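> One structure follows; several queries about it will come next.
Derivation of every value follows stated rules applied to the coordinates shown; laboratory data play no part. What you see is a predicted model, and the numbers here were worked out from it, not measured in a lab. For neighbour counting, all protein chains shown are included, and Cβ atoms are generated from backbone atoms with ideal geometry for every residue, glycine included.
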Amino acid sequence: MTDFLTLAYPWMKSIHIMAVITWMAGIFYLPRLFVYHAEQSKPGDSRDQIFTVMEFKLYRYIMNPSIIVVWVFGLILAMTPGIVDWSALWPWAKAAAVIAMTWFHMWLGQRRKEFAAGANVLSGRNYRIMNEVPTILMIVIVVAVVVKF
């Protein structure tokens, strides 16, 4: 099994990176949709219906499959012999940031359901502020993996 992981490593890493890019695109775009949804529509109007469909499709068909692939291939990479030095700080920092990003993904899912039910209580400004969370987490993840502090 370890021979297979070592041989397949470049492919696994490629798939992981592509899934991260797709997931991050959704993580950045969905809160932006929420800003427009909160500021430019009222529950039940035609814009509300359009935003609700866009948010549903982005979350269900792009973000959810992406997060699954990110986690599956990320764990496979972490299990590949010689790739992760668990005595260093960087894998733990990355893991914490990925868990926080996963929480943010779930938080977005809850907000999407609130919009769909006509029960959103947050303002466009709140969503603009929350949209900074994944940027900070992304910086931690990239620096941890590249610099390996």
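> Could you list the square roots of 5 times each eigenvalue of the Cα gyration tensor of region 2-147, that is, the equivalent ellipsoid semi-axes, sorted largest first and rounded to whole Å?
Numbers: eigenvalues 238, 50, 20 Å².
Calculated on Cα positions only, the semi-axes equal 34, 16, 10 Å.
> Mind giving me the nanometre distance, one decimal, between the label points for Trp107 and Arg125, set 7 Å out from Cα along Cα→Cβ?
1.8
> Let me ask something else about it. Just Val70, Val35, Val84 to compare: in a GNM of the chain, with alpha carbon springs under 10 Å, which one fluctuates most?
Taking springs between Cα atoms under 10 Å, the residue moving most is Val84.
> Any idea what diffusion coefficient region 1-62 gets from Stokes-Einstein, in µm²/s, Kirkwood Rh on alpha carbon pairs, 4 °C, 1.567 mPa s? Provide the component values of the computation, followed by the final result.
Values: Rh = 13.9 Å.
D = 93 µm²/s.
> Another one. What are the lysines whose alpha-carbon lies under 30 Å from the alpha-carbon of Lys148, with same-chain residues fewer than 8 places away excluded?
Partners found: Lys13, Lys94.
> Per the helix-only calculation at 222 nm, which mean residue ellipticity applies to the chain, given -39500 (n - 2.57) for every DSSP H run of n ≥ 4 and division by its residues, nearest 500 deg cm²/dmol? The partial results should precede the final answer.
Values: 6 runs with 116 residues, N = 149.
It lands at -26500 deg cm²/dmol.
> Something else now. Place the peptides 106-114, 74-82 in order of packing, highest mean first, counting for every residue the other Cβ atoms within 10 Å and averaging per peptide.
106-114, 74-82
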